[in-house]
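Participant: The following block contains the structure, expressed as structure tokens.
A short reminder: the numbers here are calculations on the coordinates, not readings from a lab. The structure displayed is predicted, hence computed values, not measured ones. With ideal geometry, Cβ positions are generated from the backbone for all residues, glycine too; neighbour counts draw on all protein chains shown.
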Amino acid sequence: MSTNSELIELLRQIVGAAHVLTEGDLTAWVQDWRRRETGKALAVVRPGSTLEVAAVVKACVAARVSMVPQGGNTGMVVGSTPDASGTQVVLSLTRMNKVRTLDAGNLTITVDAGCVLQNLQEACEQAGFLFPLSLASEGSCTIGGNLGTNAGGTQVVRYGNTRELCLGLEVVNAQGEIWDGLTGLRKDNTGYDLRHLFIGSEGTLGVITGATMKLYPLPKSQLTAFAAVPSLESAVQLLGLAHEYLGSGLTGFELMGQFPLSLVAKHFPQQRVPFWQESPWCVVLENSDNESEEHARACFERLLEAAMEAGCVSDAVVAESMAQAHALWHIRESIPLAQAEEGLNIKHDISINVSRIPEFVEETNALLLARFPGARLVVYGHLGDGNLHYNVQAPENEDQALFLNEQEAPMNALVYEVVDRYRGSISAEHGVGSLKVDSLPKHKSPVALGMMRAIKQGLDPHNLMNPGRVLKV
Ligand code: FAD
Ligand code: 2HG
Ligand code: ZN
């Protein structure tokens, strides 16, 4: 077994000295996006190829040094940064950022895991295809991180989570072996589907180094509407109508409460936020049409007329141009940033069956405000797929750090108890990381946890892949 300095020397030989960082300002790699934790790394290693990743993993395993795979470091649950021990290697994939091949006939693209999501979207668009995964962090997050977390985002109602968009993976396992599972097959029943094990495993089973993803035809027309809805029940009713009138054209359905919209208006005054002053809830809807803009507009108009007649929309605007559509989407996408500007906050990334969301919110609001008077509820999210960001901002003028310190655990317990009663999930799309690792056993069946532990022990017997995340073993 080598000493730390021998390991660092070996890592320098593998990836080149310039790509092993041990000193200077490493904040970008050791602090999470929400600034919840700042860790310490033995080294940040930036391999440039799958072979280099494999050699790095082998060297770390031989030295019994644990590794934290990292992409864009935009994760929400403190899963991609090292702990405070100074003994972990951050394995950053961002140098591996190439598009490998695009197979137009097979409707697939194969890319390096460190490819930034927006670059992947743009490469597809330039080739005349749509890659539909869409998150506000797309300018920095990587496809490896999206797969590692099974990211959701704003198009899940039509295209599913990242998992549904992936056909094949290349992985360096916890022994440093390369598994080439980069097929573009849509059918392959040759035993356990390893791809699905690695997707959503948050770097705890191996390092994703490449992926084959599905492509779709570019829609002929995309229209965006911003609607004021009088209640959550109305929002759910509108979703039903949108499914009925738009069918598979419905590609986005996002909910925003009045308070989160007020935060956007407050912190980004250059953005014009419609309806927020007079409506308790607003919705952004998107219609992607494969016929024509006229057809898209006619469908949208019929939907909005029916919704107004049913009383579930009180007012609405339909974007007249792409610039207007981007501006409307930008309002929704700015909510996490506006929340960060407002100060520290508690996030609950939960999912509930869509039909029960109004009841859930009413019940949880009442319980939470009775116990934590003054707490400011920031409720918004991907209503189309049942995923709410049921977030909480500290009361105004209160010491935010103290609030977080003292109230986060009891508040999580309260919210998650209701989520359990509704048979929901305590992590819909952000994952578990280290923030929810202690909560998970209280909300997942012991049988499921036992099987997860067996998989972890089988694939990573020395517990060197992102230890302490997802599961404590
Ligand atoms: P990182 O943060 O670097 O890593 C995330 C996890 O994946 C870690 O556990 C890490 O170890 C693991 N990992 C990273 N790369 C690899 C790899 N190559 N192999 C194996 N494991 C790996 N998330 C959503 O789901 N939906 C949203 O709508 C959404 N919106 C966001 C908006 C903003 C403004 C921000 C800041 C974040 C948002 N996120 C959202 C969270 C985040 O962007 C996603 O979780 C994203 O998928 C993380 O990608 P990343 O490359 O930044 O991964
Ligand atoms: C979003 O949907 C992201 O905007 C972030 O998932 C959610 O900040 C959050 O809670
Ligand atoms: Zn989200």
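Participant: Hey, which aspartates and glutamates would be in cross-link range of residue 58, C-alpha to C-alpha under 19 Å, not counting anything within fewer than 8 residues on its own chain?
Facilitator: Partners within reach: 6, 9, 170, 177, 180, 460.
Participant: Then there is this: Taking the Cα centre of the chain as origin, work out the dipole magnitude from +1 charges on Lys and Arg Cβ and -1 charges on Asp and Glu Cβ, in debye rounded to 20.
Facilitator: Dipole size: approximately 1360 debye.
Participant: Could you give the length gained on full extension between residue 220 and residue 6, defined as 0.36 nm per residue of separation minus the Cα-Cα distance, in nm?
Facilitator: Full extension from residue 220 to residue 6 adds 71.3 nm.
Participant: Specify the angular offset, from 0 to 90 degrees and rounded to the nearest 10, of the alpha carbon long axis of helix 322-333 from the longest principal axis of the alpha carbons in the chain.
Facilitator: Approximately 70 degrees, to the nearest 10.
Participant: Here's another thing I want to ask about it. Once you have the Cα-Cα distance between residue 340 and residue 25, take 0.36 nm times their residue separation minus that, and quote the gain in nm to one decimal.
Facilitator: 111.1 nm
Participant: Just to be sure I follow: if Rg is taken over the C-alpha atoms of segment 377-471 and Rh is the Kirkwood radius over the same atoms, what is Rg/Rh?
Facilitator: 1.03
Participant: Let me ask you something else. I'd like the projected area of segment 1-113, averaged over all directions, using the convex hull of its alpha carbons. Report it in nm² with one decimal.
Facilitator: If I average the Cα hull's projected area over directions, I get 7.9 nm².
Participant: Each label point is 7 Å from the Cα along the Cα-to-Cβ direction; what then is the distance between the points at residue 355 and residue 371, in nm?
Facilitator: 2.8 nm
Participant: Further question on the same structure: If the chain between residue 413 and residue 35 were fully stretched, how many nm would it gain, using 0.36 nm times the residue separation less the Cα-Cα distance?
Facilitator: 133.8 nm
Participant: So for 460, 420, 83, fewest C-beta neighbours within 10 Å to most, what's the order?
Facilitator: Fewest to most other Cβ atoms nearby, the residues stand as 420, 83, 460.
Participant: Around residue 361, with a cut-off of 14 angstrom between Cβ atoms, what is the net charge of the other residues, counting Lys and Arg +1 and Asp and Glu -1?
Facilitator: That works out to -2.
Participant: Follow-up question, since we're still on this one. Could you give the C-alpha radius of gyration of the chain expressed as a fraction of 2.2 N^0.38 Å, taking N as the number of residues it contains?
Facilitator: The reported ratio for this selection is 0.99.
Participant: Work out the FRET efficiency for residue 420 and residue 243 from their Cβ-Cβ distance, taking R0 = 22 Å, and round it to the nearest 0.05.
Facilitator: Step by step, r from the Cβ atoms, then E = 0.20.
Participant: Right, another one. Distance cut-off 20 Å, Cα to Cα: go down the list 347/436; 436/456; 214/347; 436/472 and report the pairs above it.
Facilitator: 214/347
Participant: Starting from the Kirkwood Rh over alpha-carbon pairs, what translational D in µm² s⁻¹ does segment 99-217 have by Stokes-Einstein at 37 °C and 0.692 mPa s?
Facilitator: This corresponds to a translational diffusion coefficient of 232 µm²/s.
Participant: Then there's this: Return one number: the angle in degrees, 0 to 90 and rounded to the nearest 10, between the long axis of the Cα atoms of helix 232-246 and the longest principal axis of the Cα atoms of the chain.
Facilitator: 90 degrees
Participant: Could you list log10 I(q)/I(0) for segment 221-336 at q = 0.20, 0.23 Å⁻¹, which the Debye formula gives when each Cα is one point scatterer?
Facilitator: With no solvent term, the Cα-only Debye profile gives -1.04, -1.32.
Participant: How would you rank 57, 473, 77, going from fewest to most other Cβ atoms within 10 Å of each one's own Cβ?
Facilitator: In order of increasing Cβ crowding within 10 Å: 473, 77, 57.
Participant: At what distance in angstrom do the alpha carbon centres of segment 84-148 and segment 185-255 lie from each other?
Facilitator: 17 Å
Participant: How many nm is it between the label spots at residue 164 and residue 438, if each spot is 7 Å from the Cα in line with the beta carbon?
Facilitator: So the two model labels end up 3.6 nm from each other.
Participant: I need the Debye-formula profile for segment 343-421: one equal scatterer per C-alpha, no solvent, reported as log10 I(q)/I(0) at q = 0.12, 0.15 1/Å, two decimals.
Facilitator: The computed values of log10 I(q)/I(0) come out as -0.31, -0.49.
Participant: If you count, for each residue, the other Cβ atoms within 10 Å and average over each peptide, how do 15-23, 68-76, 284-292 line up from highest to lowest?
Facilitator: Top to bottom by mean Cβ count within 10 Å: 68-76, 284-292, 15-23.
Participant: Just grab the label-to-label distance for residue 323 and residue 462, each label 7 Å out from Cα along the Cβ direction, in nm (one decimal).
Facilitator: Label at residue 323, label at residue 462, 5.8 nm between them.
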